[in-house]
1. Once phi is turned into θ = phi - 60°, what whole-Hz ³J(HN,Hα) does the Karplus curve with 6.51, -1.76 and 1.60 give for every residue of segment 39-47, x standing for Gly and Pro?
2. Give me, ordered by chain and number, the residues 5 or more places off Leu64 or on other chains with an amide H under 5 Å from its own placed amide H.
3. Compute the signed sum of charges (Lys and Arg +1, Asp and Glu -1) over the other residues within less than 12 Å, Cβ to Cβ, of Ala20.
4. Let me test this: with uniform point scatterers at the alpha carbons of segment 20-213, what is the Debye-based log₁₀ I(q)/I(0) at q = 0.11, 0.12, 0.14, 0.15 1/Å?
5. For Ala153, list long-range residues whose amide hydrogen, built 1.01 Å from N in the peptide plane, is under 5 Å from its own amide hydrogen.
6. How much net charge surrounds Ile86 when only other residues with a Cβ under 14 Å from its Cβ are counted (Lys, Arg +1; Asp, Glu -1)?
7. Order these by the 10 Å Cβ neighbour count, fewest first: Ser27, Ser165, Ser127.
8. What is the local net charge at Val76, summed over the other residues whose Cβ is closer than 12 Å to its Cβ (Lys, Arg +1; Asp, Glu -1)?
Amino acid sequence: MKKFLIAAVLVSALSSASHAAVGIFGSYIGINANGAGNSWYGAQQWGANTIQNFGSANLGTFDLNTGSLTISGYQVQTFKSGGGDITGANLYYRVYEQSTTPGGFNTVNAGFIANAPFTSAAGNSASGGGDQNWGQNPTGNFGNLLGGLTLNAVYNVEIYFDATSNEGTQFSNNGGANYIATFTAVPEPSTYALLAMGAAAFGGYVIRRRRRVS
């Protein structure tokens with residue numbers, strides 16, 4: 001009888017554990033390029049509606065003196081059931097020149113947005129009983145991507161997301177490869193003009209010197 005009770009308790013415990021589930025089923029990031037307003041990109045996309053993938057996006061070309069490139073929002077969609085619980089979410093990002101070794105990630109803590117029903121950045125409706133939406137809606141700009149960069153280079157913007165839970169940390173990271181978009185940084189047009197003027201002046205000097213020598 002005692003063995004039967006122990007076995008029953010173990011089966012009950014295993015059954016409860018097997019029904020506890022948590023995870024991430026969607027992630028999106030908003031980008032504001034040169035003050036044009038928020039544009040959503042998909043990372044881990046779900047549902048019938050899809051938007052441009054961040055992992056294959058070229059964000060454009062930016063003047064480091066007058067341009068702007070910021071993260072303007074993000075979303076992490078999570079699920080939970082059977083005693084599982086999501087306790088928070090985060091966005092991680094870093095910017096680095098393609099020819100260099102990347103540094104560490106910056107972290108942006110997510111706020112809780114809504115329980116289901118809610119609509120994702122791509123326009124898909126989530127209605128599961130344990131579905132939740134985390135992140136920051138595009139009410140402002142954070143995560144300046146141009147700060148401290150050098151001129152004339154192609155850069156990667158690498159991101160991933162996680163969610164903390166009582167079942168361990170859950171990831172939205174493209175299977176460990178993360179999501180990587182690119183952009184190009186250039187000097188302002190006046191810099192090009194100065195360079196052209198300098199080249200022209202030097203060329204004129206060389207021509208005049210050759211005439212004097214001849």
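Bear in mind these aren't lab numbers, they're just calculated from the coordinates by the rules spelled out. Model, not experiment: these values are computed from the prediction. Here Cβ is always computed from backbone atoms with ideal geometry, including for glycine, and neighbour counts include all displayed protein chains.
1. So the Karplus estimates, Gly and Pro as x, are 10, 7, 10, x, 10, 8, 8, 8, x Hz.
2. Under 5 Å from the amide H of Leu64: Val186, Glu188.
3. With Lys, Arg at +1 and Asp, Glu at -1, the net is -1.
4. One equal scatterer on each Cα of segment 20-213 leads to -0.56, -0.63, -0.80, -0.89.
5. Correct list: Ala185.
6. Around Ile86, the surrounding residues sum to -3.
7. By the 10 Å Cβ count, ascending, the order reads Ser127, Ser165, Ser27.
8. Taking every Cβ under 12 Å from that of Val76, the sum is -2.
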